[in-house]
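Worksheet: the structure to be examined is printed underneath.
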């Protein structure tokens, strides 16, 4: 997920972190097939899952495999 | 006679509006205490407007994402629901608060709670936000799918709260009349996770064992068995909770599942998740569009690596500048009240020990701390605003980059920022940190952040030592000095965290997952209430601990009385009043000359008596240690006295330096403490409080752990004396070394 552009909406396809971390991610809404909006991508990733805004470290974002659904560049 | 209270427990995910609902139901009249044995805040309140015959008690549990706790906070929520805490009665009703705009994630926890079989009600909060975001919800459908009543509401606006109150009142009446079934024997087992058959069988086996072990928690056994089988950490955190043979049975069941090709870690979670996904899909009509919102734009700026950081520094600078300039007027007014009261009491009582105790020890001593109330209120107002607007979490997210350099993650920044107000809530806020090593490191460095008790010390020293100069036309040097002290604390905390993570407490921090609450316009009443609740603690400390220390200090600076010395100065004063004074140029005798001479002798007498008092002896005893830092024995008294609480330094200085003046019974002579310090001269007639000494003293106070309450809370949080003692030693040593470098370095550079 750390490879997409800010403003993109992506669908989570697979979680590849440790089982413990995956469990936490799912509990927090990062389940498979969940649509996520990537708000900012600086060093860490800020994204919107349903109505919750979650900050993830870049390393953790890397372990979330996603598919891009639509490219919606943020207005400047 | 009224019935025993009907206990209602509020639970839900963090940021689902649980506390807003709790406040709406209790009218902000919560009793805040702790759960027995741990420092997790226990927030309890009575239902506002309830029939006194059928009282309802509400308990606000810490927010949690699931029943598999990752932190101490979440553990408490689980233990209350599992009836593991002896001091919490069995919930007569559990209200699960759901964020309607984030249904899927909230349902995960809700289904877990419903499975526990307590009488449950769903409070579907923020339905307005859900609608605004394009989620149309079928309330009846949700209620049918979950098998419990669902009540839509908007807690922040009070919509639906009256209906919920009515339901609670009705349930309380029914419970008192015995028409409900609190024992839950009519409870229908519900399961939302369709488990693989083999997993289900193993879970049943564990459940049967649990039922025979804990007959009073029979109803909970199925859910408990599922958690025992699935939770990876169970063998670390539950070792004392269950008998060894049960844990062995769990281990054996897991092995069997593994050989059957079932992943015990994820099977139950995935099954529940699939069901929750289906329920959410079934009851929601999505018309949501992912467009750019106001929050997106705000977040893009506030969490930007450059702009975000600049804004953060700007907010901090504004905060300290405001603390220094805006609080001045009410502080001066309070100072005037304290001075007048002291003068009035002195006049009414006439000279004597009791008068000296009341004016010097009680009124002036406690007053010296109480005058800082406006500044403390402003500081707490700022912190409350940062928390309430949602900015605090953004700052933590922003700071993650910096924190990761020292081996911690952004979550540790929130306790550190809270410690600006007071290290105690800061240390308590570390409970949300998952890794125990990271938590300990944060606890060890949190008191390095400058707390509100240091503010009076900085303010007095800055006013006494730092010249009023403008920088870039709008920033004052005093305000900047204050900011520098706060920054020094932050740098010190980060440096020590890095050191601890490299040496004592090595370990990788868990990956950062941080929830950022939505931006909110702060509610004035809530912010003011927060501010007042915390400021009240400051006043309470002033009225108890500090008053006590001041009375003791007064005794120590007054006794033993050296009659011989007193008599010597009395003779000098008498001789002075009898000695002829040469007339002025116009033939009159200037009375002021007499006054000046008398005041000089009185000051000298006060100094000599203080030097000989118990406190003076203590000050002189520690003087050799403090000399290299440029401090004399009088400052030594202040440092020793403030070991229990930092702000005592201010009242001690007031007591030590105002002694001579108090005896003059002249209100005008009793100038403010900063003015007194400014005019203080040593034996060589050199200014004592030079800018370099002022800065050195402040550096000492930035790093020294002078707070008994912090030591006590660290003892409780770490459950040992080892860490608080280590913290006391390392911080005191650090304070001495850095103050030494500041003073000696400054002298070498020719600054003082």
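Averaged over peptide B:394-405, how many Cβ atoms belonging to another chain are found within 10 Å of each residue's Cβ? Intermediate results must be reported in sequence, preceding the final value.
Values: counts 3, 0, 1, 8, 4, 0, 7, 5, 0, 0, 5, 0.
Average per residue, whole number: 3.
Using alpha carbons only, how many degrees (0 to 90, rounded to 10) separate the axis of helix B:691-703 from the longest principal axis of chain B?
The angle comes out near 30 degrees.
Please compute the average number of Cβ atoms from other chains found within 10 Å of each residue's Cβ in peptide A:15-28.
The mean count of partner-chain Cβ atoms within 10 Å per residue comes to 6.
To the nearest µm²/s, what D does Stokes-Einstein give for the protein assembly as shown at 20 °C and 1.002 mPa s, using the Kirkwood radius over alpha carbon pairs as Rh?
71
Per 0.36 nm of contour for each residue apart, how much would the distance between residue B:84 and residue B:337 grow if the chain were fully extended, relative to their Cα-Cα spacing?
Working: separation 253, 0.36 × 253 = 91.08 nm, distance 5.27 nm.
Stretched out fully, the residue B:84 to residue B:337 stretch lengthens by 85.8 nm.
Does chain B classify as rounded, prolate or oblate by the C-alpha gyration tensor (a ≥ b ≥ c root eigenvalues; a/c under 1.5 gives rounded; else a/b over b/c gives prolate, otherwise oblate)?
In terms of gyration-tensor shape, prolate.
Please work out the FRET efficiency for the pair residue B:487 and residue B:297, using the Cβ-Cβ distance as r and a Förster radius of 22 Å; give the result to the nearest 0.05.
E(calc), rounded to 0.05, equals 0.15.
Which order do the peptides B:152-163, B:108-119, B:676-687 take when ranked by the mean count of other beta-carbon atoms within 10 Å per residue, highest first?
Result, highest mean Cβ count within 10 Å first: B:108-119, B:152-163, B:676-687.
Rounded to the nearest 5, what is the percent of antiparallel bridges among the DSSP beta bridges in chain B?
45
What's the FRET efficiency of residue B:286 with residue B:712 using the Cβ-Cβ distance as r and R₀ = 45 Å, to the nearest 0.05?
Step by step, r from the Cβ atoms, then E = 0.30.
Would you kindly state how much longer the chain becomes between residue B:733 and residue B:477 on full extension, computed as 0.36 nm times their sequence separation minus their alpha carbon distance, in nm to one decimal?
Taking 0.36 nm per residue and subtracting the Cα distance, the gain is 89.3 nm.
In nanometres, what is the gap between the two model label sites at residue A:69 and residue A:16, each 7 Å from Cα along Cα-to-Cβ?
Those two pseudo-labels are separated by 2.2 nm.
Please give the FRET efficiency for residue B:278 paired with residue B:159, using the beta carbon to beta carbon distance and R0 = 25 Å, rounded to the nearest 0.05. Write out the running numbers ahead of the final one.
Details: r = 29 Å, r/R0 = 1.15.
Using R0 = 25 Å, I get an efficiency of 0.30.
In degrees between 0 and 90, to the nearest 10, how far off the longest principal axis of chain B does helix B:648-662 point, with axes built from Cα atoms?
Value to nearest ten degrees: 20.
Ranking request for peptides B:649-655, B:431-437, B:397-403, B:85-91: highest mean number of other beta-carbon atoms within 10 Å first, then the rest in descending order.
B:649-655, B:397-403, B:431-437, B:85-91
Separation between the residue B:720 and residue B:328 pseudo-spin-labels, each 7 Å from Cα along Cα→Cβ, expressed in nm?
Calculated label separation equals 5.0 nm.
Using Cα-Cα distances under 8 Å and only pairs 6 or more residues apart, what relative contact order does chain B have, in percent?
Once divided by the residue count of chain B, the mean separation gives 11 percent.
With each label point set 7 Å from Cα along the Cα-Cβ vector, what nm distance links residue B:266 and residue B:389?
So the label points at residue B:266 and residue B:389 sit 4.2 nm apart.
In which sequence would B:248, B:387 go, from the one with the fewest C-beta neighbours within 10 Å to the one with the most?
Ranked by crowding around the Cβ, least crowded first: B:248, B:387.
Quick one: check the C-alpha center-to-center distance for the stretch B:542-571 versus the stretch A:17-70, whole angstrom.
Spelled out, the Cα-based centre of one part sits 65 Å from the other.
Order B:694-705, B:269-280 from most to least packed using the mean count of other Cβ atoms within 10 Å.
B:694-705, B:269-280
Report, in whole Å, the centroid distance computed from the Cα atoms of the stretch B:123-156 and the stretch B:268-334.
Taking the Cα centre of each part, the stretch B:123-156 and the stretch B:268-334 sit 24 Å apart.
Once you average over the residues of B:94-106, how many Cβ atoms of partner chains fall within 10 Å of each Cβ?
3
Report, in degrees rounded to the nearest 10, the 0 to 90 angle that the Cα long axis of helix B:197-213 makes with the longest principal axis of chain B.
60
Helix-only estimate, please: 222 nm mean residue ellipticity of the protein assembly as shown, summing -39500 (n - 2.57) across DSSP H runs of length 4 or more and dividing by its residues, to the nearest 500.
-17500 deg cm²/dmol
Each reported figure results from applying straightforward, stated rules to the coordinates on display, with no laboratory input. Values in this document were obtained by computation on a predicted structure and should not be read as measured data. Every residue, glycine as well, gets a Cβ built from its backbone with ideal geometry; the counts of neighbours run over all protein chains shown.
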